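Every read-out reported here was derived from the displayed coordinates using simple, explicitly stated rules and does not represent laboratory data. Worth saying up front: this structure is predicted, and the values here are computed from it rather than measured.
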Amino acid sequence: AIINRRVASLLEGTDTQATVTVAPVANQPLINIQANNRVLMTVTEQDAQDFGLPLAQLADDWANRLSQSFEKPPVAIDVLQRLDGTLRQLGKDAINSIPALLGVIIVIFITWLLAKGVRYSAFRWAQQTEGDHSTEVLIGRLGYGGVWIAGAVVALGVWGIDFATMLGALGLTSVAIGFSLKDVLSNYISGVILLAARPFHIGDQVVIEGYEGTIIQVQLRSTTLKTYNGRMIYLPNQEVFQASITNNTAASYLRSSVMVGIDYDADITRARQVIGSAISSLEDVQPNPVPQILVRELAASTVNLEVRFWVDSRRAGFLETTSIVTQTIKEALQEQEIEMPTEIYTLLVKDVPAVLKSEQKSADVDSNATLKES
């Protein structure tokens, strides 16, 4: 240790080539080995006996080795030497790591087989107990991921890495990674909650954040929604979890309504009977709950009736049945000669010229005379 410190001090404080010399000690069986007049070590008779060499020969041999060590090789040679040493060390490490590598490969293969088996078994069990495809997918994926996590811990142990020590070493790093991946982790956690809570199922027609369509797929990161015009919308699960969700097909039937206006002179009771009998004959209109016909508004030129009825909650059936009901009501009222007038507007004209007023009076007189003759 002392010699190492002396050599290190010499190398740090010397910019030029160090000169190694041998200096016998007067009247003593000792020889000093010096570099730039600084004593590095002392060779004794005991050293000579240990190496089986004369004292002077041993001192010269050590001095030559030190001289060679102090010589600074060219940069290219130094780089090649360092590279050669590094490659040799890597080769030795690779050879020594072959048994551990084979063990890791075996563990990964066994983990893959177990994960597939667990996922299949969990999926089959969920099919028999849950009856919901989203929950079946969730249970299968959780089982698959759990086996891989356990297999990764075992593989790290076979490789020689202590999992607990690694987590401790990555403590601060994991905090930074957590902040950078918080959105991704939030999407995954939200996906698990959505699959467990089941606010909708695959095939349901929903409205989420202004997007309306059919749920195609629910994954751990995003939810796939197909709009009615054929577009595919990929919504992050975090946004879906935080949004207000309208599930149009949670129930089998939805209430629809049609507004129809009849003339003030029409018999409202008769009009309601005509409408009720007309829509009750339609197969797609649910008889229970019973359709309702309500007087909703006394408008400027019509009495507005609201017709409420229950139809299939699927959008195609909902729109088609509502269209058929509207057409049926219109044809039934026309057949029974119940007027459905358009809006009537009264125009008041101010500052009419005198010429137009006299012409209007003459037209009124002629009209009255014609009426009397008729």
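Taking H placed 1.01 Å from N in the peptide plane, check which residues at least 5 places from Ser222 or on another chain put their amide H under 5 Å from its amide H.
Those lying under 5 Å, H to H, from Ser222 are Asn237.
Given H placed on each backbone N at 1.01 Å, which residues far from Leu30 in sequence or on other chains put an amide H within less than 5 Å of it?
For Leu30, whose amide H was placed from the backbone, the distant partners under 5 Å are Val25.
I'd like the Karplus ³J(HN,Hα) series for the stretch 327-333: coefficients 6.51, -1.76, 1.60, θ = phi - 60°, whole numbers in Hz, and an x wherever there's a Gly or Pro.
5, 5, 5, 4, 5, 5, 5
How large is ³J(HN,Hα), in whole Hz, for each residue of the stretch 232-247 in order, when computed from phi with the Karplus curve 6.51 cos²θ - 1.76 cosθ + 1.60 and θ = phi - 60°, using x for Gly and Pro?
Residue by residue, the stretch 232-247 yields 9, 10, 9, 9, x, 4, 4, 5, 5, 5, 8, 8, 7, 10, 9, 9 Hz.
As a test of the definition: which semi-axes, in Å, follow for the stretch 246-300 when you take the square root of five times each eigenvalue of its alpha carbon gyration tensor? Largest first, please.
Equivalent ellipsoid semi-axes, largest first: 26, 15, 7 Å.
Extension gain Met232-Leu282, at 0.36 nm per residue separation less the Cα-Cα distance, in nm?
Answer, rounded to one decimal: 14.5 nm.
Using a/c under 1.5 as the rounded threshold, could you call the stretch 254-353 rounded, prolate or oblate? The axes a ≥ b ≥ c are square roots of the C-alpha gyration tensor eigenvalues, and prolate needs a/b larger than b/c, oblate otherwise.
prolate
By DSSP, what percent of the beta bridges with both residues in the stretch 186-316 are antiparallel, rounded to the nearest 5?
Roughly 100 percent of the DSSP beta bridges within the stretch 186-316 come out antiparallel.
Stretch Lys92-Thr19 to full length: gain in nm at 0.36 nm per residue minus the Cα-Cα span?
22.7 nm
For the stretch 212-225, just list the computed ³J(HN,Hα) in residue order, Karplus coefficients 6.51, -1.76 and 1.60, θ = phi - 60°, integers in Hz, with x standing in for Gly and Pro.
Karplus-based 3J(HN,Hα) across the stretch 212-225 equals 10, x, 10, 5, 9, 7, 10, 9, 6, 9, 8, 10, 9, 10 Hz.
Would you grab the residues whose amide H sits under 5 Å from the one on Met41? Only those 5+ places off in sequence or on another chain, please, with H modelled 1.01 Å from N.
Counting only residues 5 or more places away or on other chains, the set is Ile33.
Roughly how many whole Å is it from the C-alpha centroid of the stretch 194-225 to that of the stretch 252-309?
Cα centroid to Cα centroid, the span is 35 Å.
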